[in-house]
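Asks: What follows is a structure written as structure tokens; I'll ask about it next.
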Amino acid sequence: MGAKKGLSPRSSSPVAGFAKGRFRPVHFIWLLLLGMFFLSKHCIIFLGEINDVCYGKSFSMQPRAKNSIDHEHALDCAALNTENDPGIDVKVHNSCVAPEFKMNVHPTGDLVSRFIRSWGCFECSLVKKFMRFLAQTPPDTFLLDMGANMGWYSLHAAALGRDVFAFEPFQKNYQRICKSTTILNKGFDDRIVVFNVALTDHPTTIGFGYVSEKNFGGIHVEESDAVKTKAADAVRGVDYAPGIQLSSLKDVLPTNRPAVIKIDVERAECEALGGALDYLHTIDLLYVQIEWNPAPMGACKHRDAIFELFRKNRLTPYQHYPIQDVWKPLDVKEYSQWHNSWLIEKVGNYPFIDIAWIRE
């Protein structure tokens, strides 16, 4: 069959289209793809996932004593067998944030893994601000990574030589952290302690909701009688996990030291922080990054106590706007109005925003 009149095979490129005065939708798509490729090569991802180029100096590893804890919920990563689920090892190099390190990620279509494998980064603006702040804090400042996933924040902090206490109840995720710390990065097992528990405001047993290979980071915990009466063949980290109060670890975690927190526990931030309050009053909080879900946090029974803790530590809340990559201050008195005004993203039925409470 011959080509239609006025449309030759050669006119399918944007250049040919322009040259012959025939700009068609296919040409726009070509230009859009070329533009996205050009931007991606310069570390700029659509919707601000990575939105600038930074050639700052690398930070040097600061030698410290071994960070270790003897506790029933502290994983012995060296003894964890990952041979049946080896994952994929990638190199992470971002001199803007931390020295180069290696990371074990999921081999499937997992969202976070895809970003890290393709671009070497995830939540780049957030982690850059977080780690730049951490790099300027006293050397004994440590990270509480509440909802560690595969250890993206934990590994950056360890690369800066900081102690890390990572909390992740889902087996596929904490296996990735353990391989990254014990096999891929020399000395990281001296920095990172992994707890395979969920953080709650009362002792319990939890199950997992939304288990999808497309986004293991979107898994949320859920408490139910069925989980509490789990079958004898249930597997910890796959079918269930202990839910504990972080404050129950106050005898083994550091006290009277500066700390930063990253918390992303899929709508359970209220319970996780509520169960941590007693312990958090024993440390000097400098920075708290929260994936804030306005609906559950608005109804949070611990909200006033959490806000008072942050006020006591002289922390000011800022909301991140990814497209512009700007941080705008928030009024604590207007917390009920905090929402994602530039784009409504959905986690279940709840919009979420990223908020950093910062010591200035």
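Asks: Mind listing whichever residues of segment 185-204 are crowded, with 20+ Cβ neighbours inside 10 Å and assigned to a strand (DSSP E or B)?
Replies: I192, V193, V194, F195, A198, L199
Asks: Turning to a different aspect of this structure: I'm trying to understand the selection: among the residues of segment 165-221, which are at pLDDT below 90 and among the aromatic types (F, W, Y)?
Replies: Selection gives F208, Y210, F216.
Asks: One residue is enough: does segment 147-160 have a residue meeting the conditions over 28 Å from P254 (Cα atoms), surrounded by 24 or more Cβ atoms within 10 Å (Cβ to Cβ) and touching a residue at least 60 places away in the same chain (Cβ under 8 Å)?
Replies: No, segment 147-160 has no match at all.
Asks: Any chance you could count how many residues in segment 95-122 are open to solvent by 40 Å² or more (accessible area, probe 1.4 Å) and under 27 Å from D325 (Cα atoms)?
Replies: The number of residues fulfilling the criteria is 8.
Asks: Still on this structure: Starting from segment 303-320, keep only residues that are in contact (Cβ under 8 Å) with a residue 60 or more places away in the chain, then list their pairs with residues that are in a strand (DSSP E or B) whose Cβ atoms are within a distance under 8 Å, requiring at least 6 positions of separation or different chains.
Replies: Partner pairs satisfying both residue conditions: H320/V326; H320/W327; H320/I353; H320/D354; H320/I355; H320/A356.
Asks: Let me ask another. State yes or no: is L80 modelled with pLDDT of 95 or more and among the aliphatic types (A, V, I, L, M)? Before the answer, list the steps.
Replies: Values: modelled with pLDDT of 95 or more: no; among the aliphatic types (A, V, I, L, M): yes.
For L80, the condition - modelled with pLDDT of 95 or more and among the aliphatic types (A, V, I, L, M) - is not met.
Asks: For segment 247-293, what are the residues that are of a type in the set (S, T, Y) and outside any loop (DSSP other than H, G, I, E, B)?
Replies: Start the filter on segment 247-293 by keeping residues that are of a type in the set (S, T, Y), which leaves 247-248, 255, 279, 282, 287.
Once the filter is applied, which keeps residues that are of a type in the set (S, T, Y) and outside any loop (DSSP other than H, G, I, E, B), segment 247-293 yields S247, S248, Y279, Y287.
Asks: Does D85 meet the test of being open to solvent by 20 Å² or more (accessible area, probe 1.4 Å), charged (D, E, K, R), over 27 Å from A198 (Cβ atoms) and out of contact with any Gly (no Cβ under 7 Å at 6 or more places or on another chain)? Even if it seems obvious, please write down each step before you answer.
Replies: On the way: open to solvent by 20 Å² or more (accessible area, probe 1.4 Å): yes; charged (D, E, K, R): yes; over 27 Å from A198 (Cβ atoms): no; out of contact with any Gly (no Cβ under 7 Å at 6 or more places or on another chain): yes.
Here the answer is no, as D85 does not meet what is asked.
Asks: Hey, among the residues in segment 270-301 that are under 19 Å from V164 (Cβ atoms) and among the charged types (D, E, K, R), which one's modelled with the lowest pLDDT? Can you show your working first?
Replies: The first filter runs over segment 270-301 and keeps only residues under 19 Å from V164 (Cβ atoms), leaving 272-273, 276, 279-280, 282-291.
Restricting the remaining residues to those that are among the charged types (D, E, K, R) gives 284, 291.
Working: D284: 98, E291: 85.
Restricting to residues being under 19 Å from V164 (Cβ atoms) and among the charged types (D, E, K, R), the top hit is E291.
Asks: Next question, about the same structure. How many residues does segment 256-282 contain that are touching a Ser or Thr at 6+ places or on another chain (Cβ under 8 Å), β-branched (V, I, T) and open to solvent by 10 Å² or more (accessible area, probe 1.4 Å)?
Replies: 1
Asks: Of all residues being among the hydrophobic types (A, V, I, L, M, F, W, C) and part of a loop (DSSP other than H, G, I, E, B) in segment 298-334, which is surrounded by the fewest Cβ atoms within 10 Å (Cβ to Cβ)? Just the residue, please.
Replies: Taking segment 298-334 first, the residues among the hydrophobic types (A, V, I, L, M, F, W, C) are 299-300, 305-307, 309-310, 315, 323, 326-327, 330, 332.
From the residues that got through so far, the ones that are part of a loop (DSSP other than H, G, I, E, B) too are 299-300, 323, 330.
Working: A299: 9, C300: 20, I323: 11, L330: 19.
My answer is A299.
Asks: Right, here's the next one. List pairs: first residue in segment 328-345 and acidic (D, E), second residue part of a loop (DSSP other than H, G, I, E, B) and at pLDDT 75 or above anywhere in the structure, Cβ distance under 8 angstrom, at least six positions apart or on different chains.
Replies: Correct list of pairs: E345/F352.
Asks: At pLDDT below 85 and out of contact with any His (no Cβ under 7 Å at 6 or more places or on another chain): does that describe R236?
Replies: Yes.
Asks: State whether the residues of segment 106-116 include one that is closer than 25 Å to L253 by Cα and free of Cβ contacts under 8 Å to residues at least 24 places away in the same chain.
Replies: Step one: of segment 106-116, the residues closer than 25 Å to L253 by Cα are none.
The answer is no; no qualifying residue exists.
Asks: Here is a list of conditions, (1) free of Cβ contacts under 8 Å to residues at least 24 places away in the same chain; (2) within 17 Å of E291 (Cβ to Cβ), and Q136 meets all of them except one; can you say which number that is?
Replies: Q136 satisfies all of (1) free of Cβ contacts under 8 Å to residues at least 24 places away in the same chain; (2) within 17 Å of E291 (Cβ to Cβ) except (2).
The values are calculated or read from the model by the stated rules, or taken from the named source; none is laboratory data. The shown structure was predicted, so the numbers you read here are calculated from the model rather than taken from an experiment. Positions of Cβ are backbone-derived with ideal geometry, glycine not excepted, and every protein chain shown enters the neighbour counts. Surface areas here come from the heavy atoms of the whole protein model, side chains and all, with no ligands, DNA or RNA. Shrake-Rupley method; radii C 1.70, N 1.55, O 1.52, S 1.80 Å.
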